[in-house]
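What follows is a short report on a single structure.
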Amino acid sequence: MLWSHPVRGEFAPAAGLFFRQQGGLLLDDKIDRGSDARTDSGDPGGVFRCRFCRAKITTAAQMIEVNGSHRHVFTNPLGKVFEIGCFSQATGCLNHGPATTECTWFTGCTWRFSLCASCFSHLGWQYHADLTGYFFGLILANLLRR
């Protein structure tokens, strides 16, 4: 089992990736309408939980921007669309499979599947770039913000 390491540095020109610690970013109502109200009121809506078993996955303090945005929308080769949020750490995830660059959504990064460590539901992907370290792209529809 390989656990994540915090993202180091803010910009890695060779990798073409830009990281910035994020806080108080609004998420759409695919996650939880109440979370937007808590963010607007100054409450960062601290914890992201697995939608399926409610286990703690990460926190709002771990939200980051990659390539200028926290949220990204991508389509996989089978045509399935994913809206993901980027996080520097997701201690509630278990990362599975060999690292690959096949069909990566972030240039210069390898990826592995990230599963909920409690119920093994697919929550997203762990990305790695040699210059910037690890970060997570988690499927926002599979998280609850509390």
Look through segment 103-146, keep the residues that are in contact with a Gly (Cβ under 9 Å, 6 or more places away or on another chain) and on the phi > 0 side of the Ramachandran plot, and return whichever of them is surrounded by the most Cβ atoms within 10 Å (Cβ to Cβ). G124
Matching strands (runs of 3 or more DSSP E) fully within segment 10-88 where at least 1 residues are within 16 Å of G137 (Cβ to Cβ) and at pLDDT below 50: 17-21
Counted residues in segment 102-139 being among the polar types (S, T, N, Q) and under 17 Å from P77 (Cβ atoms) come to 3
Name the residues in segment 132-146 that are modelled with pLDDT under 95 and under 14 Å from V47 (Cβ atoms), would you? R145, R146
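The values are calculated or read from the model by the stated rules, or taken from the named source; none is laboratory data. The structure presented is a predicted model; accordingly, all values stated were derived computationally and were not measured. Counting neighbours? That spans all protein chains shown, and the Cβs are built from the backbone with ideal geometry, glycine included.
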